[in-house]
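A quick write-up on the structure given underneath.
The values are calculated or read from the model by the stated rules, or taken from the named source; none is laboratory data. From a predicted model like this one, the values you see are computed outputs, not experimental measurements. Neighbour counts run over all protein chains shown; Cβ positions are idealised from the backbone, glycine included.
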């Protein structure tokens, strides 16, 4: 299935190929908890930025490895390249215009990322 997505104001438009049944992570790290990001990690080849590249800005914190990209107009983070999956794209499920028919939400202990981050690496294969 191809899902269309965007930021809140619509300046950033993208599409992602994903199955109709997905598993997403609900991370408890500070930034994910505060923003409500639900992680749908896909291979980079399954993601296409359609418009709005010029509206993206990047925020890096802590180890400064993960590139948290967000819209400079509305502040929404629709996707980013996670440090656990540098060859993939981590899409915010909540930014998809339509949702997969079945979504399984699993908890992820991002507060202890160094101990658990490697478990996400297979998601972008």
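Please work out which residue is farthest from residue 105 (Cα to Cα), limiting yourself to region 30-82 and to residues that are within 11 Å of the chain's Cα centre (by Cα), part of a strand (DSSP E or B) and touching a residue at least 40 places away in the same chain (Cβ under 8 Å).
Filtering first and then ranking leaves 70.
Go through region 88-100 and count every residue that is over 14 Å from residue 4 (Cα atoms) and assigned to a loop (DSSP other than H, G, I, E, B). First the steps, then the outcome.
Filtering region 88-100 for residues over 14 Å from residue 4 (Cα atoms) gives 88-90.
Of the ones still in play, those that are also assigned to a loop (DSSP other than H, G, I, E, B) are none.
Matching residues across region 88-100 total 0.
Which members of region 1-24 meet the condition of being in contact with a strand residue (DSSP E or B) (Cβ under 8 Å, 6 or more places away or on another chain), part of a loop (DSSP other than H, G, I, E, B) and within 20 Å of residue 35 (Cβ to Cβ)?
Going residue by residue through region 1-24, those that are in contact with a strand residue (DSSP E or B) (Cβ under 8 Å, 6 or more places away or on another chain) are 1-9, 11-18, 20-24.
From what is left, the residues that are part of a loop (DSSP other than H, G, I, E, B) are 1, 7-9, 11-12, 18, 20.
7, 8, 9, 11, 12 - these are the residues of region 1-24 that are in contact with a strand residue (DSSP E or B) (Cβ under 8 Å, 6 or more places away or on another chain), part of a loop (DSSP other than H, G, I, E, B) and within 20 Å of residue 35 (Cβ to Cβ).
Any chance you could count how many residues in region 1-42 are exposed (fewer than 15 other Cβ atoms within 10 Å of the Cβ), within 15 Å of residue 80 (Cβ to Cβ) and in contact with a helix residue (DSSP H, G or I) (Cβ under 7 Å, 6 or more places away or on another chain)?
Looking only at that region, the number is 1.
Taking residue 71, is it at pLDDT 95 or above and touching a helix residue (DSSP H, G or I) at 6+ places or on another chain (Cβ under 9 Å)? Can you show your working first?
Numbers: at pLDDT 95 or above: yes; touching a helix residue (DSSP H, G or I) at 6+ places or on another chain (Cβ under 9 Å): yes.
So residue 71 fits the description; yes.
For every residue, the table says whether it meets (1) part of a strand (DSSP E or B); (2) out of contact with any strand residue (DSSP E or B) (no Cβ under 7 Å at 6 or more places or on another chain); (3) at pLDDT 95 or above.
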| position | (1), (2), (3) |
| --- | --- |
| 86 | no, yes, no |
| 106 | yes, no, no |
| 115 | no, yes, no |
| 120 | no, no, no |
